[in-house]
Structure formats: structure tokens, C-alpha cells
Amino acid sequence: MTSATLPAVVPASTKPSAVRPGRILLYVVLIIGALLMVTPFLWMVLTAFKSELEILKFSWLPGELRWSNFTEAMQSAPFLRYFRNSALIAIGETAFTLVVCTTAGYALAKLPLKGGKFMLGYFIVLLLVPFQIILVPLFMIVKSIPLFGGNNILGQGGIGWLNSWWGLIIPLGAAPFFTFLARQFFVSLPDELAQAARVDGLGEFGIFWRIMTPLIKPALITIAVFQIEAAWNGFLWPLMITTSDEMRPLQLGLAIFSQNPAEIQWPYLMAGTALATLPMIVLFVFAQKRFIEGMANVGIKG
Amino acid sequence: MSTTLERPALATSRKGEVAKDKGTLTRSQVRTGWTLLAPALLHSGIFIVIPVIAVLALSLTDYSFGDTWSWVGFGNYTELFRDVDFLASLWHTVLYALVVIPISMAISLAVAIGLNQKIRGIGFFRTAFYIPTVTATVAVATIWLWIYNPGSGLANGFLSLFGFAPNRWLADPGTALGSLMVVGIWQGLGTKIIIYLAALQGVSRDLLESADIDGASRWQKFRNVTLPALGPVQFFVLITSIVGTFQVFDLVYVMTRGGPGSETRVLVLDIYQNAFQDLKLGYASAETVIMMIVIAVFIGVGRLLQRADTND
């Protein structure tokens with residue numbers, strides 16, 4: 001569609017399918033690039049099948065496929081619990097985000113609010129605030145949520161939402177990014193639909209919930225997919241606020257497992273990493289279109 | 001549900017009423033609007049706006065979780081500029097950004113242009129380049145920790161095929177930061193490629209064709225048609241890359257913990273340790289404010305560079 005394919009339009013070169021050296025070179029370069037992307041994962045999987053002896057020297061293929069590494073890795077650290085915790089956080093955060101961000105996105109896109117433009121600007125500015133900037137005060141706020149974790153009504157005396165599911169889920173859910181994304185999708189729906197429903201006597205909330213939201217189902221899936229990925233891959237926040245192994249998510253468990261170089265067991269570590277990575281790769285392969293549309297939407301319209 | 005079926009009849013009979021009700025209608029729309037917006041406003045107020053303001057205030061105090069604290073003015077800031085750990089972190093983060101951003105943007109744009117040439121197997125390539133991006137940075141760091149393993153890692157194993165002597169990568173002060181940069185570039189390509197690819201598909205075909213008729217070379221077309229059309233997207237990619245590289249933490253935490261010595265110490269790691277290990281929250285906040293300023297400067301310079309580029 002751009003430069004190099006265009007000569008085909010010009011009558012002079014009428015053999016678009018002919019094998020040209022430039023084309024071969026392009027494929028070679030792209031294939032090398034793709035291999036560079038995939039090889040580390042391949043090596044992770046191959047290592048996961050090796051024995052402790054095999055990894056003392058560099059080699060590609062395992063002598064035999066030791067499937068038992070996976071079960072043994074699961075036993076050497078509470079990976080199952082980490083899995084469960086990550087799944088809980090991902091589900092909780094996604095549900096929370098979907099509710100808060102689609103409602104806000106709809107209000108910004110479709111309802112005649114005074115200062116609506118300003119509100120949109122507000123969320124766009126917040127979208128640019130990196131999480132690392134607010135690290136320290138966020139911790140303090142979460143620690144002083146009133147009436148939780150032994151806190152009094154002024155938010156003092158206890159630990160608030162620290163080391164709790166609330167703390168793991170709520171503060172990082174409903175990112176302004178998703179409000180903006182939801183708004184972008186609602187904006188493209190025609191106003192006539194809402195108008196017709198109004199004529200039918202459907203209330204404003206009904207219009208949002210029963211008419212408009214079902215129409216942006218693909219967008220909801222996009223938001224869910226991004227939020228699941230972000231929650232599943234989160235590390236710094238759980239590292240800061242969890243103190244017990246009971247609530248640690250997968251990435252934190254993995255990091256702890258890998259932080260003991262003295263007795264690090266690479267096949268087990270790679271087996272654990274492979275298991276931790278797999279759900280997101282599967283999610284991506286199945287929801288590829290959503291990921292790409294979402295990225296393109298924000299990047300280009302934003 | 002029955003209302004939907006009766007719609008045509010109702011629509012005609014109610015037309016007059018609707019016009020009369022316009023005032024109440026807008027009012028109910030406004031009420032619903034604010035109700036729907038309220039949770040997001042409350043959430044962002046508590047968990048983003050207050051923290052941003054608080055970090056500025058905290059940076060002027062010596063708060064450290066204790067009961068007593070006092071205002072110290074710009075004391076934290078003057079102390080920071082004598083703190084060798086902080087200065088090293090700042091330097092490494094800036095260096096990391098200056099190397100990773102241009103290289104990853106250039107590679108991503110090149111790959112996106114390649115993928116935009118009516119390639120066979122585009123799905124495969126897209127997946128291959130995007131998988132590192134959907135993988136958790138902790139997992140990526142763990143895999144590369146093993147790749148960089150001096151004894152039996154892939155990096156040395158592969159290079160030995162070409163007769164290179166084994167390297168100690170992360171353990172060697174000379175190569176540690178560079179090794180991290182490679183992983184940072186490797187992991188960050190996917191998102192940029194996808195965005196560039198979408199933008200390239202939006203470049204006006206008419207413009208390219210008329211450039212063709214005028215006898216423009218490929219390079220001229222790229223330089224004068226494609227690149228200017230990518231302007232806004234370039235800026236978006238640049239900003240997200242700046243913010244992203246300054247946030248680098250997971251990678252460093254898992255792979256080097258800032259070592260060897262403090263050769264790979266970066267800002268967020270330093271902030272994290274000052275705040276949550278040494279409990280110097282005021283000090284760490286001042287550090288955060290400086291990070292904000294540096295990010296803003298980077299974005300400002302990026303903007304100037306882009307303007308200069310589109311004007312010539």
C-alpha cells in the first residue's frame with residue numbers, strides 16, 4: 001500500500017508477483033527479526049524440559065522431555081496459589097474497570113454535560129500520569145483508607161487496604177486510559193439510536209445500558225483484554241503492598257523464586273515462567289484483533 | 001421489550017410531547033451523565049489527583065511514617081544533588097532512555113514498513129513481534145537472566161559459534177546496562193510496530209501515487225509523504241516511550257537489583273528503596289518530582305525536534 005508496492009500500479013512494471021531480490025531480502029530480514037523475538041521463548045520451553053545436569057553446559061535440545069519438571073516446579077513454590085491470586089486480581093480489576101470506565105466513557109461521549117469538554121481534557125491529562133510518579137503518596141492513601149484494616153474513621157491506627165484484595169484491585173483499576181478508550185468507541189455510535197429509544201420512553205440509564213453498551217461489545221472485549229493483561233503482569237504495586245505469601249500474585253512469586261542465585265534451579269524456574277507466560281500468549285493469539293484495534297485506536301485517534 | 005416492537009406507532013403519536021419535554025429531557029440527561037461520571041471522578045480524584053498533589057507537598061517534608069514530621073523546604077532537593085546513588089540513577093535512566101527510545105523507534109518503523117508491503121504470513125510476523133509485549137516484564141527478565149547466564153546461557157552459547165569469548169554480561173560493569181537496554185528494546189518493539197502499521201495504512205494513497213507520477217524516488221516518497229503523514233503518531237510513540245523508559249523497574253529489579261555496584265541503578269529502583277526500605281518518604285517524593293521534571297524536559301525537547309523536522 002505504500003512506496004514499494006506502488007510501482008505495480010504503473011504500467012511499466014506489470015509483474016507484481018515476480019520474485020525480486022528486494023522482496024527476498026525483505027522476507028529474510030523479517031524472518032530473522034521474528035526469530036530474534038521468538039527464540040528466547042523457545043529456549044525457555046526447551047530449558048524447562050532439561051535436567052539439572054544438562055544445563056551445566058550450553059545445549060539446545062533436551063536429552064529427554066522431562067514433563068515432571070512442571071509438576072515439580074509447581075511443588076517447589078506455591079505457584080498454584082500465585083496463579084489463583086493473579087486470576088482473582090485480573091477478574092476483579094477487569095470487572096471494576098468495565099463498570100467504572102464504560103459509564104464514564106458514555107457520559108463523556110453522549111450526554112450534554114456542562115464542562116464535558118473540560119472533563120474529557122481532565123481524563124486525557126491523567127492518562128499521561130505515570131504510575132511510578134504517584135507511588136509514594138498512593139501507598140500512604142491506601143494505608144489510610146478509613147475503617148479498613150484496623151483504621152479509625154480518620155484513617156489512622158491500622159494498615160487500611162495494605163495487604164488486602166481491595167488494595168490490590170481498586171487503586172490500579174479503572175485507569176483513565178480505559179475511560180478514554182470507552183469514550184472513543186461510544187462517540188462513533190449515531191445519536192439517532194438514543195433518540196429513537198427516548199421516543200420509546202426508555203430512561204437515560206436504560207439507553208446507556210440496554211441500547212448503547214451492547215453495541216460496543218467489541219470495545220468492551222478490547223478493554224477487558226488490555227486490563228487482564230495489565231493486571232496479570234503487574235509487579236511493582238503488589239511488591240509494595242503485600243506482606244504475606246497468601247496474597248502474592250504470580251509475577252511476584254516468580255521474582256522471589258528467581259532471586260536466589262545460590263540455589264537457583266533453572267529448569268524449574270523456566271517451567272514456572274512458561275506456565276506464567278502461557279495464559280497471556282493464548283489470550284493474545286485468540287484476541288489478537290482486539291489488541292491491535294485497541295492500540296491503533298488510541299495511538300492514532302489519541 | 002414490547003416497547004421496541006411498538007416503536008413506529010409510538011414515535012408518531014409522541015412527537016409533540018417529546019418537543020415539549022425537551023427541557024426535562026436535557027435535565028434528566030445531565031443528571032444521568034453526572035451519575036455515570038461520578039465513580040470515575042471519585043476514583044481518579046482519590047487515587048491520581050490527590051497523590052500528584054501530595055507528592056509535591058511531601059517532597060518538602062521529612063516524613064517517614066513516624067508521628068512527627070516537619071517542613072524542610074528544599075532540603076531534600078539539595079541533599080539529592082549530593083547523593084551519589086541518586087546521581088548515578090538519574091544518569092543511568094537518562095542514558096537508558098537516550099539509547100532505547102531512538103533505536104526501538106527506528107527498528108519498529110522499519111519493521112512496520114516491511115510488514116506494510118503486502119507480505120505473506122503477516123499474522124505470523126505480527127504475533128512474533130508482539131508476544132514479548134504481552135509477556136510480563138518479570139517473566140521476560142527471568143528468561144533473559146538465564147540467556148545472559150555466563151556459564152551455560154544462550155547468549156554466550158550462540159556467540160561461541162562465531163568464536164567469541166564468553167562474556168559475563170550482567171555481572172560485568174562494562175556490559176550490564178547495555179545488556180538491560182537490549183532487553184528493553186526487544187520487549188518494546190511490538191506496541192510501536194502495531195501503531196506504526198496502523199498509521200502507515202492511513203497514509204494517503206493519492207499523495208503517494210501523485211508522487212509516483214512526478215517521478216519521486218522511494219526515498220523521496222518516504223521522506224516527503226510518508227514521514228510527515230506519520231507526524232502525530234510519531235509524537236504519540238515518542239511520549240509513551242519516554243514515559244515507559246523512565247519507569248523501567250521490573251527489569252532491573254529482577255535482573256540486576258541495580259548492580260554490579262550501582263552500574264544499573266535506575267530512578268524508580270532508587271525511589272523504591274528510599275521509600276520502602278529506608279522509609280524516607282519525603283526524600284523519595286523529592287526524587288519523584290525531579291523525575292517528573294526530567295520527563296517533562298524530554299517531552300518538550302521531543303516536541304521541538306519534531307517541529308524542526310516537519311518545518312524543513
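Regarding the range A:76-99, can at least one residue be identified that is surrounded by fewer than 19 Cβ atoms within 10 Å (Cβ to Cβ), touching a Phe, Trp or Tyr at 6+ places or on another chain (Cβ under 9 Å) and either modelled with pLDDT under 90 or basic (Lys, Arg) (or both)?
Looking through the range A:76-99, at least one residue is surrounded by fewer than 19 Cβ atoms within 10 Å (Cβ to Cβ), touching a Phe, Trp or Tyr at 6+ places or on another chain (Cβ under 9 Å) and either modelled with pLDDT under 90 or basic (Lys, Arg) (or both).
Among the residues in the range B:280-287, are any surrounded by fewer than 24 Cβ atoms within 10 Å (Cβ to Cβ), of a type in the set (D, E, K, R) and more than 21 Å from the chain's Cα centre (by Cα)?
Scanning the range B:280-287, I find at least one residue that is surrounded by fewer than 24 Cβ atoms within 10 Å (Cβ to Cβ), of a type in the set (D, E, K, R) and more than 21 Å from the chain's Cα centre (by Cα), so the answer is yes.
Which ones in the range A:168-190 are more than 11 Å from chain B (Cβ to nearest Cβ) and either in a loop (DSSP other than H, G, I, E, B) or small (Gly, Ala, Ser) (or both)?
Selection gives A:188, A:189, A:190.
What are the residue pairs meeting all of these: first residue in the range B:100-112, first residue under 14 Å from residue B:183 (Cβ atoms), second residue among the small types (Gly, Ala, Ser) and surrounded by fewer than 21 Cβ atoms within 10 Å (Cβ to Cβ), Cβ atoms under 8 Å, and 6 or more apart or on different chains?
none
Yes/no matrix, rows are residues, columns are (1) among the hydroxyl-bearing types (Ser, Thr, Tyr); (2) in a loop (DSSP other than H, G, I, E, B); (3) assigned by TED's automatic domain parsing to the domain that holds residue B:83:
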site: B:261; (1), (2), (3): no, yes, yes
site: B:265; (1), (2), (3): no, yes, yes
site: B:268; (1), (2), (3): no, no, yes
site: B:271; (1), (2), (3): no, no, yes
site: B:274; (1), (2), (3): no, no, yes
site: B:279; (1), (2), (3): no, yes, yes
site: B:283; (1), (2), (3): yes, no, yes
site: B:290; (1), (2), (3): no, no, yes
site: B:294; (1), (2), (3): no, no, yes
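I'd like to check something: does the range A:44-52 contain any residue that is without any contact (Cβ under 8 Å) to a residue 60 or more places away in the chain, part of a helix (DSSP H, G or I) and surrounded by 16 or more Cβ atoms within 10 Å (Cβ to Cβ)? Steps first, answer last, please.
Kept after step one, since they are without any contact (Cβ under 8 Å) to a residue 60 or more places away in the chain, are these residues of the range A:44-52: A:46.
From what's left, part of a helix (DSSP H, G or I): A:46.
If we keep only those that are surrounded by 16 or more Cβ atoms within 10 Å (Cβ to Cβ) too, we end up with A:46.
Taking every residue of the range A:44-52 in turn, at least one turns out to be without any contact (Cβ under 8 Å) to a residue 60 or more places away in the chain, part of a helix (DSSP H, G or I) and surrounded by 16 or more Cβ atoms within 10 Å (Cβ to Cβ).
Could you please let me know if residue B:106 is closer than 17 Å to residue B:185 by Cα, touching a helix residue (DSSP H, G or I) at 6+ places or on another chain (Cβ under 8 Å) and at pLDDT 90 or above?
So residue B:106 does not fit the description; no.
Suppose we keep only residues that are farther than 30 Å from residue A:264 by Cα and among the hydroxyl-bearing types (Ser, Thr, Tyr) within the range B:106-161. Which one would you say is nearest to the other protein chains (Cβ to nearest Cβ)?
It comes out as B:127.
Within the range A:15-68, count every residue that is under 21 Å from residue B:166 (Cα atoms) and among the β-branched types (Val, Ile, Thr).
Count: 3.
If I ask for residues that are under 16 Å from residue A:210 (Cα atoms) and either of a type in the set (S, T, N, Q) or in contact (Cβ under 8 Å) with a residue 60 or more places away in the chain (or both), which ones from the range A:186-197 would you list? Give the steps one after another, and end with the answer.
Taking the range A:186-197 as the starting set, the residues that turn out to be under 16 Å from residue A:210 (Cα atoms) are A:186, A:189-197.
Result: A:186, A:189, A:191, A:194, A:195.
For every residue, the table says whether it meets (1) closer than 30 Å to residue A:113 by Cβ; (2) surrounded by fewer than 17 Cβ atoms within 10 Å (Cβ to Cβ).
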position: B:26; (1), (2): yes, yes
position: B:29; (1), (2): yes, no
position: B:38; (1), (2): yes, yes
position: B:48; (1), (2): yes, no
position: B:51; (1), (2): yes, no
position: B:60; (1), (2): no, no
position: B:72; (1), (2): no, no
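Test residue A:134 against the stated conditions and say whether it is more than 9 Å from chain B (Cβ to nearest Cβ), on the phi < 0 side of the Ramachandran plot and not charged (D, E, K, R).
Here the answer is no, as residue A:134 does not meet what is asked.
Among B:285, B:262, B:241, which is in contact (Cβ under 8 Å) with a residue 60 or more places away in the chain and at the interface with chain A (Cβ under 9 Å from one of its Cβ atoms)?
B:285
Residues checked against (1) under 22 Å from residue B:136 (Cβ atoms); (2) at pLDDT 90 or above:
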site: A:163; (1), (2): yes, no
site: A:181; (1), (2): yes, no
site: A:189; (1), (2): no, no
site: A:237; (1), (2): yes, yes
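The values are calculated or read from the model by the stated rules, or taken from the named source; none is laboratory data. Model, not experiment: these values are computed from the prediction. All Cβ positions, even for glycine, are placed from backbone atoms using ideal geometry, and neighbour counts span all protein chains on display.
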